[in-house]
Amino acid sequence: MKYLQQIYESLSRGAFLSANTTREDAQNWYKDVIDNLEDYKCFFAKIGYRLEEGTGYLYFSRKEARQNLTDKLSRFGEWIDRLAFLKSYEPTLCAGMELTKSKVLVKIDSDIELKDCVRKLGSSTKSDEEIVGDLFDSMVRIGFMELVNEQSGKYKITSAYNYLEDIVNLITVPDDGEQEIS
Amino acid sequence: MAKEITKPFTGIGDLLSKLNSESKLLTEMYHYRTRLEFSYSHALELASSEKRLQMLIEYGILHRDGDNLEIDELFLRFFEEVLQSSEDISNATVEENLTKLQKNIEYYQKEQNNTEGQRYYLRMIRRGLVVIGSMVRRNVVTLKRNIDDVYKTIGNYATKRMRLEEYMQQLRSISLLIDETRKILKREDTTFRVMIPDERLLHIIAEVHSDMQFAFENVIELERVIRDYLHQIDVQTRTLKKIRKLKYLKDMETWRSDSDVEAVLSRLNAVWMEREYKRRIKPSLSYITTTTEGISVLEQVQKILSKGRCDRRVAAPPLGKEQLAALKIVEDIVDTDRLATAFMASGRDLFDFVINYHYETPQPLDRRLEYYAEIVQGYLGQLRFTGEWRDYEQLRYPIIYAR
């Protein structure tokens, strides 16, 4: 358990660790956790965290909720908005895919549905560029995305993104075919 | 597999110069490769000299078979693969070649007594095998590239699905062709053994075997990849549909009742859902009291605290309803002017009037005396002093009337 402090500091802020991260330090952290999974789990359990493992990602949860259901719904609701926007931009969006703000902005200009979606993501006083910037920032902060090339502004979707889709797949919605997908 | 002993090339330069020196002959032989009949004498005409032609045979670029010449399979396959790498996948041609091969084997068997005829069909068989081997191999490689391309580049789910299903069909037919070819190769015991012992045929058979093995392994892998891709597409389509539906219900504010989002989220206590990620850790007392850093922290805290106290403004509690309502203020003032006017009209003596006046609110004696004095001072000119004095309790007062 060489990276206890770093992992604790990252995960306890609500961030995720990804298997396909391009950051060298995070790669070491992930590898160390996977190699000593039980040790890490035991340690974090003692200080009130549950180290959870998904397909290619790690995160913290707790035994007892620290927030009420309304807060959870509102937090998750924000992510559903972001997810719906990103999926409208790229229906095949998945871990490993690369995105740039500029390409997203270009598509917003030429796609009415996307334009409508982006307006719902931020306040009306903000420009599309600011809203997309905020969206990318939130994705990076939580660890669903990483900046891989500063010069070309290229971002990569990490495997932690799977977590969002995993939750969506846990939820049952009535299937009345109201919105057909082409 | 033993082959005719050939001279080795000294390097790539050597190989290229030898190919280049007889490019005219090689080009012609490549164009006529499917006819399988290229006579030595015809080659001699095209070659720069017989010595050069012999050299090509010695180095294994060409093979002499009786009166006929052929390009070595290794070189032929290289030329074909490089020159035809962009050829579309067509399993039909492979199938055609396979039928042709089977027929050639039959013809060969029928030419039992004709050595010349047997030689011809043997060449056809060799050629057929090489073509089938390289075609199947190439088809598998192209298919692999196409499958990856389609999965990664086509955005529309329906088209992507259909394209991948088409490739799945192609893979199935390739896999049938592999089976067929293997069956023919297995007939080595019954068919190929009765043929003239031919080193090159045995070598080709071994090559085709390995081609088929390579193709077979790849076909299995590609089938798995396509199934995987198709599955991923299905999952992605389902997820996409669900995300849109969930977003729709959320926007309609009915997702709490129309989906089980509440039940799912109430089971999850992930840290990312918490609004604030605050950690409170109590500072160490010994650190604060014994180190210079700690002391300076204490001093700063003290400063902040004392500043806070000075600047603190305690806001008054908000006004209540009663306080906000309009109020009548009753001022207990006696208007001495009006009192004097009333006195002038009364005809009584001043002292008696002021003391016994019916005030709206009862006035104490000293206040009443004050009014008496005020009227005397203020209306002196309008009063008549009689000079008579009377007693009221312990007071003595002059009798005054209005004029």
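When restricted to residues that are surrounded by fewer than 14 Cβ atoms within 10 Å (Cβ to Cβ) and in contact (Cβ under 8 Å) with a residue 60 or more places away in the chain, the stretch B:5-36 contains 1.
Specify the residue that is surrounded by the most Cβ atoms within 10 Å (Cβ to Cβ); the eligible residues are those in the stretch B:351-379 that are β-branched (Val, Ile, Thr) and within 18 Å of B:Arg390 (Cα to Cα). Full working, then the answer.
In the first step, residues of the stretch B:351-379 are kept if they are β-branched (Val, Ile, Thr); the result is B:354-355, B:361, B:375-376.
If we keep only those that are within 18 Å of B:Arg390 (Cα to Cα) too, we end up with B:354-355, B:376.
Details: B:Val354: 27, B:Ile355: 16, B:Val376: 17.
Ranking the qualifying residues of the stretch B:351-379, first place goes to B:Val354.
So is B:Gln170 at pLDDT below 85 and either loosely packed, with under 13 Cβ neighbours inside 10 Å or in a helix (DSSP H, G or I) (or both) or not? No; evaluated as a whole, the condition is false for this residue. The helices (runs of 4 or more DSSP H) found entirely in the stretch A:82-182 that carry 3 or more residues being more than 9 Å from every other protein chain (Cβ to nearest Cβ) and touching a Gly at 6+ places or on another chain (Cβ under 8 Å) are A:128-142.
When the residues of the stretch B:208-255 are filtered to those that are under 30 Å from B:Ile174 (Cβ atoms), hydroxyl-bearing (Ser, Thr, Tyr) and more than 9 Å from every other protein chain (Cβ to nearest Cβ), which remaining residue is nearest to the chain's Cα centre (by Cα)?
Applying the first criterion (under 30 Å from B:Ile174 (Cβ atoms)) to the stretch B:208-255 yields B:208-237.
Narrowing the set further to residues that are hydroxyl-bearing (Ser, Thr, Tyr) leaves B:210, B:229, B:237.
Within this subset, residues satisfying the condition of being more than 9 Å from every other protein chain (Cβ to nearest Cβ) are B:210, B:229.
Numbers: B:Ser210: 41, B:Tyr229: 17 Å.
Per the stated criteria, the residue is B:Tyr229.
Return the residue satisfying two criteria in turn: it lies in the stretch B:256-269 and is in a helix (DSSP H, G or I) and at the interface with another protein chain (Cβ under 8 Å from one of its Cβ atoms), and of such residues it is farthest from A:Ser74 (Cα to Cα).
Initially, the stretch B:256-269 is screened for residues in a helix (DSSP H, G or I), giving B:256-258, B:261-267.
Filter again for at the interface with another protein chain (Cβ under 8 Å from one of its Cβ atoms), leaving B:256, B:258, B:261-262, B:264-266.
On the way: B:Arg256: 11, B:Asp258: 16, B:Val261: 11, B:Glu262: 11, B:Val264: 14, B:Leu265: 11, B:Ser266: 13 Å.
Across the stretch B:256-269, the extreme among qualifying residues is B:Asp258.
Quick check: anything in the stretch A:61-80 away from chain B (no Cβ under 12 Å) and farther than 19 Å from B:Arg267 by Cβ? No, every residue in the stretch A:61-80 fails to be away from chain B (no Cβ under 12 Å) and farther than 19 Å from B:Arg267 by Cβ.
Being within 30 Å of B:Phe75 (Cα to Cα) and crowded, with 17+ Cβ neighbours inside 10 Å narrows it down to one of B:Arg119, B:Arg163, so name that one. Before the answer, list the steps.
Numbers: B:Arg163 fails: within 30 Å of B:Phe75 (Cα to Cα).
Selected residue: B:Arg119, the only one of B:Arg119, B:Arg163 that is within 30 Å of B:Phe75 (Cα to Cα) and crowded, with 17+ Cβ neighbours inside 10 Å.
The residues of the stretch B:104-116 that are surrounded by 14 or more Cβ atoms within 10 Å (Cβ to Cβ) and either without any contact (Cβ under 8 Å) to a residue 40 or more places away in the chain or hydroxyl-bearing (Ser, Thr, Tyr) (or both), listed by number, are B:Asn104, B:Tyr107, B:Tyr108, B:Glu111.
Got a number for residues in the stretch B:211-244 being more than 30 Å from B:Val130 (Cβ to Cβ) and of a type outside the set (Phe, Trp, Tyr)? Talk me through it step by step, then tell me what you get.
To start, the set of residues in the stretch B:211-244 that are more than 30 Å from B:Val130 (Cβ to Cβ) comprises B:227-244.
Then drop every residue that is not of a type outside the set (Phe, Trp, Tyr), which leaves B:227-228, B:230-244.
Selection size over the stretch B:211-244: 17.
Among the criteria (1) touching an Asp or Glu at 6+ places or on another chain (Cβ under 6 Å); (2) over 26 Å from B:Arg256 (Cα atoms), the one A:Leu51 does not fulfil is (1).
Going through the stretch A:62-72 one residue at a time, which ones are surrounded by fewer than 18 Cβ atoms within 10 Å (Cβ to Cβ) and either among the basic types (Lys, Arg) or under 16 Å from the mean Cα position of the chain (by Cα) (or both)? Of everything in the stretch A:62-72, those that are surrounded by fewer than 18 Cβ atoms within 10 Å (Cβ to Cβ) and either among the basic types (Lys, Arg) or under 16 Å from the mean Cα position of the chain (by Cα) (or both) turn out to be A:Arg62, A:Lys63, A:Arg66. Among the residues making up the stretch B:373-393, those that are touching a residue at least 24 places away in the same chain (Cβ under 8 Å) and closer than 14 Å to B:Thr341 by Cα are B:Glu374, B:Ile375, B:Val376, B:Gly378, B:Tyr379, B:Gln382, B:Leu383. A:Lys126 falls short on exactly one of the conditions (1) closer than 21 Å to B:Met273 by Cα; (2) surrounded by 13 or more Cβ atoms within 10 Å (Cβ to Cβ), and that condition is (1). Flag: A:Ala45 does not match the condition of being more than 14 Å from chain B (Cβ to nearest Cβ) and farther than 20 Å from B:Leu240 by Cα.
The values are calculated or read from the model by the stated rules, or taken from the named source; none is laboratory data. Here the structure is a predicted model, which means the values were calculated and not measured. Please note: Cβ atoms are built from the backbone with ideal geometry, for glycine as well, and neighbour counts cover all protein chains shown.
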